[in-house]
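Structure, as structure tokens:
All of the numbers you see were taken from the coordinates with simple rules; none came from a lab. Bear in mind the structure is a predicted one, so any value in this text is a computation, not a measurement. Using ideal geometry, Cβ is built from the backbone for each residue, glycine included, and neighbour counts are taken over all protein chains shown.
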Amino acid sequence: MDIEKIFEIESDDMAFKSVGDAVAEARRAQSQRLSDNVQAVLAALGKMKSEIEGKYDDVAIQLEQRIANIRDGRDGTPGRDGTPGRDGSPGRPGRDGKDGRDGVDGRDGVDGQDGVSVTNAYLDFDNSLVIELSNGRQINVGEVLPPDLSDRLKVIINQGASGGGGGGASLPDQTGNAGKFLTTDGSTASWGTPAGSGDVVGPASATDNAVARFDTTTGKLIQNSAVTISDTGAVAGVTSITTPDYIDLDTTAAPASAVGRVAWDDGDGTMTIGLKGGNVNLQVGQENVVLSYNGSGSTINIGQIVAANGAQGQRPSIVLADADSEPLSAATLGVATETIANGAEGFVTTFGVIRGFDTSAFTAGDDVYLSQTAGAFTATRPSAPAHTVFMGWVVKSHASSGEVFLNINNGWEIDELHNVKVTSASAGDLLIYDQTAGYWENAKLTAGSNITITNADGSITIASTGGGGSGDGGAYAWFLS
């Protein structure tokens, strides 16, 4: 008996028919309310469960009866191998192994090519995007504007080109306007002429009033500068001028003097330099000045004659010169060219023109000397015992803007002559040449036997004190005066 027949169940079997009816009933219940559907499904499932259990209980009884009647038959044909089972779950990961030794260094790779950047991008005449690269290559990407927008642009251009008046969306006529730019006054478009040409690209930020300098030789890039030009024309920040051929000064302007300012003085025909303090201008090549310290104890005024009297702070210390004093005449330095307060520094002119003080007591062309009044000029040469110091000539007689050309000659005293040395001169001194030393020096006559010498101011008396020669009848006396 074939075992398959045990499981043969007619298709109209009541159990399966009941299942089909229950399913059909469940489908019909889907349209009912949710609570009714749930109850119907539960009832149907319960019925299916009981009917299926009853059915298979009967099948089990039938199987037992049939098996009991089965005789041993021949061994059946071996069955086919079963389908391989599913892979088991992966095992736990093992611990990491020890790091291996470093491999041998690979060979150096070949240098990559320089990168290429985009230097420019623009739309050409047919609205195609053109991209320019740093290696000189151009790439035409093609039209990038929507057709409708491109057509609208062509309409605007065509209207302007055909003589549009510039109103609305029209451009003004392009004929004869090459190189001009489009501008508007708010209602009408027109062509304008640019004031300059060329493309300029500058730094992200710049210093106000800085001078623009070219960056590279393209003519399109500029850079900032430390040199500035103020709104009034003052140049600042210049540290050097490299090998200029020449510098031209404005010979027509007469700028106000200022410390450190170099300008042309057309009146004196030379360049002037503003000196420290701002009160004195140096006429280059026409005068000499020296910065001095006033150690006199009082203010020294412009136009007063001064003498050197020691030093202070690496400057000659000055006092008023005086013709009645040998040290304060022989050390005559020059004339104060500005007012110098006591304990302060100021300039003294040693050669050149002194300006801006009272010379009304003199006539232009007068010779002037150091006066016996301390610090003053005189037109009369001092007489002995006063000392003579020639100062120069008056070139302008005026109560406030007088001028004296200064050219000091202080060699009027005998001890100031070349090759003459006078030391502690006293009455009766004579000049005697010292051949060994090579100069003239002051000395007295020395009395010999039977000779007396009497020295007085302006005279020397020589007398005999012993018997005279034969027949002389007495002593003789000689006088030098």
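Points worth noting:
- Highest-first packing order for the peptide set 272-278, 367-373 is 367-373, 272-278, based on the mean count of other beta carbon atoms within 10 Å.
- Packing-based order for 223-232, 404-413, using average beta carbon neighbours within 10 Å, highest first: 404-413, 223-232
- Nearest-0.05 FRET efficiency for Q314 and S400, computed from C-beta distance (R0 35 Å): 0.55
- Ordering of 390-398, 105-113, 315-323, 298-306 by packing [mean C-beta count within 10 Å, highest first]: 315-323, 298-306, 390-398, 105-113
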